[in-house]
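Below you'll find the structure, written out as structure tokens, and then a few comments.
The values are calculated or read from the model by the stated rules, or taken from the named source; none is laboratory data. A quick note: this is a predicted structure, and the numbers were derived from the prediction, not measured. Heads up, the Cβs are rebuilt from the backbone with ideal geometry, glycines too, and the neighbour counts pull from every protein chain shown. Heavy atoms of the whole protein, side chains included, go into the accessibility calculation; ligands, DNA and RNA do not. Shrake-Rupley method; radii C 1.70, N 1.55, O 1.52, S 1.80 Å.
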Amino acid sequence: MMRIVLTMKERTNPHIPIEAEKINPAFLMWGTDDLTVWEGNKERRLDEIFEVEVEGTATSVNEVEVVLRGDTSRVKRIGEYMDGGRITVEGNVGMHCGNFMAAGTIEVMGDAGGWFAREMQGGAIICHGDVGHYCAAGYRGEKKGMRGGKVEVFGNAGDFTAEHLFGGEVVVHGNCGDMPGVDMQGGYLTIHGDCSRPCGNMTKGKCTVLGCVSEMPPTFKKEGEVEGPDGLPLTHFTGDVANRGKGNLLVRHYQYLE
Amino acid sequence: MIHEDMICPFCGCLCDDLVIETKGTEVVRVDNACTLGSHKLMNAGKHRLKGPIMRDSGQWRDASYEEAIEYAAGILLDADRPLLYGWSSTQGEAQGTGVSMAELLGGVIDSTTSVCHGPSILAIQEVGHPGCTLGQVKNRADLIVYWGCNPTEAHPRHMSRYTTYADGYFLENAFRDRKLILVDVRKTETASIADEFVQVKPGGDYAVLSALRAIVRGREDVVPPTVAGVTKEQLLRVAALCKEAKFGALFFGVGLTMSPGKYKNVRNAIELVDELNRHTKFTLTPLRGHYNVYGSNEVFTWMTGYPYAVDFSRQIAFYNPGETTAVDLMARKECDAALIVASDPGAHFPKKCLEHLASIPTVLIDPMHTMTTPLVKCQIPTAVTGMDAPGTAYRMDGVPIHVKKFLDLGYPTDTEIIGKIFEKVKEVRHP
């Protein structure tokens, strides 16, 4: 096993974002000397920004564990294109964590920024705090968002969670903001808390809301009652009829904007 | 002196039939313009800053153009994440120089689009733009829909030049033949002349658009009796009006782009138009505000591939509204220097953003004292495009128009000033 601990150093201006797609087991397992990250418009060596500690060696990416410590709330693109291994972020993490991730595990103990697990294809990504907007969504203009893998958020998620969801599973244990699962085309989205306007324009997939839906979209057809995962009843809708959609939306309580 | 066929540099209509009479450096008469345009043009030479000003230990002092340009280049070169914001009320030529400078600096360039019709562009990037020029609307449209906008007060000549009150080549009695539908959260002036006024509850546009799409598809059975304050009967009437029209044109304003759901509202409107095109001809056009905000999108797109919020910090163009837009950069305190050109964030941005703007070195290029002036360290006055400088501007339907000058007040143009700052930047980055 190889364990790499990256601890953020003090910075003159802690607000400048750092773009660090090189913080990925696939790069780090071959050594950290040549790796660079971008601080604003300046390219820096990895060890200018982080204290780097490496223990052990690895023969495959799956034997690599990366731990991030310190104030990493402005570090973007951690685990982008990750294809194996494990990343643990002990604090908060910036935007685009786990972009296009295909395999492996990312665990964030604090909060995560926007575009968490954007266009993820496989693997598992967990956030113990809150996540920003566009969790498990797609890039601007992209027709397909997350395509595979599992995203689990234990806190709340922002607006447009699982926008354009195409495959895989997204579970939010807290509340979601506005329009979760909008333009959803497949996959599973489960929201344990409340949300507003879920699944507008959905064509396929399944969304379950165990809390209360406010401003329920008016273009879903009520099909009847079904039993939810907790044994309590849920109202089953299909739609979005505005789009000839064949998606399933299951909600505990709902309210139209009349 | 009488200047004919002048272009109004106020809103996205870019009216091109103005007659302006000047005596020396005074404007004495403006014909054909609306109240907004007349007011701007009648005061063309007034309220201008005489020369650059700089802040020195809390006090303003006069500075030379050379000193101000040197200072602007210096702060931009020293920054790790410089922001170049504004660009909607200036000439296309200045916008182009700004993009080149942002690229060399490794900065972020954003226009006021991000706080007005940015969501429209995001929606267009998702599902396309069923648009046309305003000439097509004028000559063919027998149904006009204004959604989340109030042209009577914000684009006063839009209705007389292109829609309700305009003659149409293919319409016998345009005024009587053209129907008007207005959708808004409040009863505005425009509502008094609308054939159908649809009053939506705030934040209910998405639901109403979805319901209309379902009705046009023949699925009114799922639509509840009221949707966001609008009765199903009225929705059925509106859908029928749209389907019966020979040529419909939907115009929308920031009431749609900046209400909850933002670009998803616009996407839903585009998809309604798409659906209506299975029955008749229907188009959609955003009612753009500043006279050359569309130009900033055009110029940025042909130079970088992206219409606004372009981040060059990694020496390639990256675009992600919400991450690389001016409001977000300021709210997260990311930018460490800013060049504000031809816009007034001081009057429009959230307080949190302005607090950050006031704490970093900022240069403003603007002819007059604005609400942004108290927040900056240096201001450079320039000529106003369409008054004392000519240039290129794009109308709201994407038609480029050469904007003319009718005054000579001796100020340098935005292109000249930004060009000089760019020269200084090049001396350091490409010695």
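Quick one: if the Förster radius is 30 Å, what FRET efficiency do B:MET1 and B:ALA347 give, using the C-beta to C-beta distance and rounding to 0.05? It would help to have the intermediate numbers written out before the result.
Working: r = 34 Å, r/R0 = 1.13.
For R0 = 30 Å, the calculated efficiency reads 0.35.
Within the accessible area of segment A:112-180, what % is carbon and sulfur when the probe is 1.4 Å and the other protein chains stay in place?
49
Enter the angle in degrees (range 0 to 90, nearest 10) between the Cα long axis of helix B:65-78 and the first principal axis of the Cα atoms of chain B, meaning the one along which they spread out most.
Its long axis makes an angle of about 70 degrees.
Please check segment B:264-284 for residues whose accessible area, probe 1.4 Å, is lower by 30 Å² or more when all protein chains are in place than in their chain alone.
The answer is B:LYS264, B:ARG267 - residues whose exposure falls by at least 30 Å² when every protein chain is included.
Using Cα springs under 10 Å in a Gaussian network model of chain B, which residue among B:ASP205, B:ASP408, B:ASP16 shows the largest mean-square fluctuation?
B:ASP408
Evaluate the distance, in nm, between pseudo-label points positioned 7 Å from the Cα of B:TYR169 and of B:ARG314 along their respective Cα→Cβ axes.
Those two pseudo-labels are separated by 4.9 nm.
Just in segment A:22-109: which GluC sites (Glu not before Pro) are loop by DSSP and have at most 13 other Cβ atoms within 10 Å?
none
For A:GLU142 and A:VAL67, calculate 0.36 nm times their separation in residues minus their Cα-Cα distance, and state this gained length in nm to one decimal.
Additional length available on full extension: 23.9 nm.
Let a ≥ b ≥ c be the square roots of the eigenvalues of the Cα gyration tensor of segment B:234-288; is it rounded (a/c under 1.5), or, if not, prolate (a/b larger than b/c) or oblate?
prolate
Which aspartates and glutamates does B:LYS50 reach when only Cα atoms under 18 Å apart count, and residues fewer than 8 places away in its own chain are ignored?
Partners found: B:GLU26, B:ASP62, B:GLU66, B:GLU67, B:ASP366, B:ASP388, B:ASP408, B:ASP414, B:GLU416.
Plugging the Kirkwood radius over Cα pairs into Stokes-Einstein for the protein assembly as shown, at a temperature of 20 °C and a viscosity of 1.002 mPa s, what D comes out in µm²/s?
80
Can you give the calculated 222 nm mean residue ellipticity of chain A, where each DSSP H run of n ≥ 4 adds -39,500 (n - 2.57) and the sum is split over every residue, rounded to the nearest 500 deg cm²/dmol?
Helix contribution divided over all residues of chain A: -500 deg cm²/dmol.
Tell me the GluC sites (Glu not before Pro) within segment B:373-431 that lie in a loop according to DSSP and have at most 16 other beta-carbon atoms within 10 Å.
Nothing satisfies the criteria.
For B:LYS405, tell me the accessible area in Å² from a 1.4 Å probe, rounded to the nearest 10.
80
Would you mind telling me which residue in B:THR385, B:THR152, B:THR362 has the biggest mean-square fluctuation in a Gaussian network model of chain B, where springs connect alpha carbons within a distance under 10 angstrom?
Per the Cα network of chain B with a 10 Å cutoff, B:THR152 tops the list.
Between B:SER359 and B:ASP274, how many nm apart are label points set 7 Å from Cα along the C-beta direction?
So the two model labels end up 4.4 nm from each other.
Total Å² of accessible surface buried at the B-A contact, 1.4 Å probe, nearest 100?
4000
Could you give the nm distance between label points at B:THR35 and A:VAL54, where each point is 7 Å from its Cα heading toward the beta carbon?
The two pseudo-label positions are separated by 7.1 nm.
On a C-alpha basis, how far is the centre of segment A:6-54 from the centre of segment A:160-202 in Å? Whole number, if you could?
Result: 33 Å between the Cα centres.
So who's got an amide H within less than 5 Å of the one on B:VAL227, skipping anything under 5 residues away but keeping other chains? H placed 1.01 Å off N, in plane.
Result for B:VAL227 returns B:LYS232.
Kindly state, to the nearest 0.05, the FRET efficiency for B:TRP302 paired with B:VAL399, given R0 = 22 Å and r defined as their beta-carbon distance.
Numbers: r = 15 Å, r/R0 = 0.70.
It comes out at approximately 0.90.
Roughly speaking, what is the centre-to-centre gap between segment B:357-416 and segment B:178-224 when only Cα atoms are used, to the nearest Å?
Answer, in whole Å: 39.
What average number of partner chain Cβ atoms lie no more than 10 Å from the Cβ of the residues making up B:217-230?
4
What's the center-to-center distance, using Cα atoms, between segment B:271-341 and segment B:1-63 in Å?
Spelled out, the Cα-based centre of one part sits 27 Å from the other.
Once amide H atoms are built 1.01 Å from N in the peptide plane, which residues 5 or more positions from A:MET82, or in another chain, come under 5 Å H to H?
Correct list: A:MET101, A:ALA102.
Could you work out, residue by residue across A:232-242, how many beta carbons of other chains sit within 10 Å of that residue's beta carbon, and then give the average as an integer?
3
Can you list, bin by bin at 10 Å, the percent of alpha carbon pairs in segment B:118-286, starting at 0?
11, 42, 39, 8, 0
Under the Karplus relation 6.51 cos²θ - 1.76 cosθ + 1.60, θ = phi - 60°, what is the ordered set of whole-Hz ³J(HN,Hα) values for segment B:404-410, x standing for Gly and Pro?
Taking θ as phi minus 60°, the curve returns 9, 9, 9, 10, 10, 9, x Hz for segment B:404-410.
Say a site is exposed when it is one of the chymotrypsin sites (Phe, Trp or Tyr not before Pro), sits in a DSSP loop, and has at most 15 other Cβ atoms within 10 Å; what is then the longest site-free stretch of chain B?
Counting at most 15 other Cβ atoms within 10 Å as exposed, the longest clean stretch of chain B is B:171-431.
FRET efficiency for B:ALA240 and B:MET371, Cβ-Cβ distance as r, R0 = 51 Å, nearest 0.05?
0.65
Placing +1 at every Lys and Arg Cβ and -1 at every Asp and Glu Cβ, with all other atoms neutral, what dipole size does segment A:111-254 have around its Cα centre, in debye to the nearest 20?
Dipole about the Cα centre, nearest 20: 580 debye.
Which far-off residues, 5 or more places away or on another chain, put their amide H under 5 Å from the one on A:ILE106, with H placed in the peptide plane?
Amide H neighbours of A:ILE106, under 5 Å, 5+ apart: A:ILE87, A:ALA124, A:ILE125, A:ILE126.
Projected area of chain B, taken from the Cα convex hull and averaged over every viewing direction, in nm²?
21.1
Given a cut-off of under 8 Å on Cα pairs at least six residues apart, what relative contact order in percent is computed for chain B?
24
Gain in length, A:LYS204 to A:THR238, computed as 0.36 nm per residue apart minus the alpha-carbon separation, to one decimal in nm?
Value of the extension gain: 11.3 nm.
If the chain between A:HIS128 and A:MET109 were fully stretched, how many nm would it gain, using 0.36 nm times the residue separation less the Cα-Cα distance?
Details: separation 19, 0.36 × 19 = 6.84 nm, distance 0.50 nm.
Computed gain between A:HIS128 and A:MET109 is 6.3 nm.
Would any residue of segment A:38-72 have its amide N under 17 Å from a label point 7 Å out along Cα→Cβ of A:THR88? List them or say none.
Correct set: A:53-57, A:62-72.
Rounded to the nearest 10 Å², what accessible area does A:LYS204 have for a 1.4 Å probe in the complete protein model?
It works out to around 120 Å².
For the protein assembly as shown, build the charge dipole from Cβ charges (+1 Lys, Arg; -1 Asp, Glu) around the Cα centre, then report which of B:THR113, B:ILE75, B:CYS353 sits farthest towards its positive end.
B:THR113
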